[in-house]
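A short write-up of the structure that comes next.
Each reported figure results from applying straightforward, stated rules to the coordinates on display, with no laboratory input. Note that the coordinates shown come from a computational prediction; the quantities given were computed from them, not determined experimentally. Cβ: placed from backbone, ideal geometry, glycine included. Neighbour counts: every protein chain shown.
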Amino acid sequence: MLQISSPAQPFDAIVVGSGATGGWAAKQLTEAGMRVGLLEAGQKVTRKDFTEHTQSWQLPFLGMSPHIRKDRPIQGLCYACTEYNYKWFVNDTENPYTQAKPYRWIRQRVLGGRSLSWGRQSYRMSDLDFKAATHDGYGDDWPVSYAEMVPYYEQVERYVGISGERLGLPQLPTASFFRRWK
């Protein structure tokens, strides 16, 4: 039986998932002095599991293991689900879901979450996202603007080390990218 708190010292917060969002939330809450329980369903990842730079021609099934087609017909549609990391993705046959319309729910169960398969790229939302209702007339705008979020984006980006390319596009604001080694 898993005990997540004791009556004498209950948690102040429970965070589900140790990925980019949950891990950051747990970090911020604990640094603020809160007792935090972090729940993770994923497997531990070790250094040998990071093979994202392995070329597909170097893998036994050229990057497309038969397990992907058999056990992960939905997850395998994701560009990041490959022969070397398919076990990070949920087994669709063991974890089915139903929906009214076709929907590809990409799910991972790995300590660190989906951020492990992003290659350190994480893009900022712009005012085109935060104020979409103003632009397209549907739904409601977010109660915050891009300008209000910039300091928070920068704090996380500096800590995590985000990679990317400065494109100068209004729909894809430039992030605080980490410096590359020369």
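Our coupling estimate for segment 122-130, obtained by passing each phi through the Karplus curve with A = 6.51, B = -1.76, C = 1.60 and θ = phi - 60°, is 8, 8, 6, 7, 10, 5, 5, 8, 5 Hz, Gly and Pro reported as x.
For Ile162, the amide hydrogen comes within under 5 Å of the amide hydrogens of Phe178, counting only partners 5 or more places away or on other chains and with H modelled in the peptide plane.
Determine the shape class of segment 59-100: with a ≥ b ≥ c the square roots of the Cα gyration tensor eigenvalues, call it rounded for a/c under 1.5, and otherwise prolate if a/b is greater than b/c, oblate otherwise. Prolate.
Annotation: peptides 133-142, 93-102, ranked by per-residue average of other Cβ atoms within 10 Å with the highest first, follow the order 133-142, 93-102.
For segment 1-101, lysine pairs separated by 8 or more sequence positions, or belonging to different chains, with Cα-Cα distances below 27 Å total 10. For segment 135-150, backbone phi angles converted through the Karplus equation (6.51, -1.76, 1.60; θ = phi - 60°) give residue-by-residue couplings of 7, 10, x, 10, x, 10, 5, 5, x, 10, 10, 4, 4, 5, 8, 3 Hz, Gly and Pro being listed as x.
Within straight-line reach of Lys131, meaning a Cα separation under 13 Å, sit the following aspartates and glutamates at least 8 residues removed in sequence or on another chain: Asp140, Asp141, Glu148.
Cα convex hull, segment 90-169: 165 Å³ per residue, rounded to a whole number.
Computed over segment 25-149, the range of Cα coordinates on each principal axis works out to 49, 42, 30 Å, biggest value leading. Going by the alpha-carbon gyration tensor, a ≥ b ≥ c the square roots of its eigenvalues, is segment 84-126 rounded (a/c under 1.5) or, if a/c is not under 1.5, prolate (a/b greater than b/c) versus oblate? Oblate is the answer for segment 84-126, as a/c is 1.5 or above yet b/c matches or exceeds a/b.
Given +1 at the Cβ of Lys and Arg, -1 at the Cβ of Asp and Glu and no other charges, the dipole of the chain around its Cα centre is 780 debye to the nearest 20. Sequence-distant contacts, meaning Cα pairs under 8 Å at least 6 residues apart, place the relative contact order of the chain at 17 percent. Rounded to the nearest 20 debye, the dipole magnitude of segment 74-182 is 580 debye, with +1 charges on Lys and Arg beta carbons, -1 on Asp and Glu beta carbons, and the Cα centre as origin. Projecting the Cα positions of Val160, Tyr103, Gly37 onto the charge dipole of the chain (unit charges on Cβ atoms of Lys, Arg, Asp and Glu, taken about the Cα centre) puts Val160 furthest along the positive direction. So if R0 is 22 Å, what FRET efficiency would Arg158 and Ala32 give, r being the distance between their Cβ atoms, rounded to the nearest 0.05? About 0.75, to the nearest 0.05.
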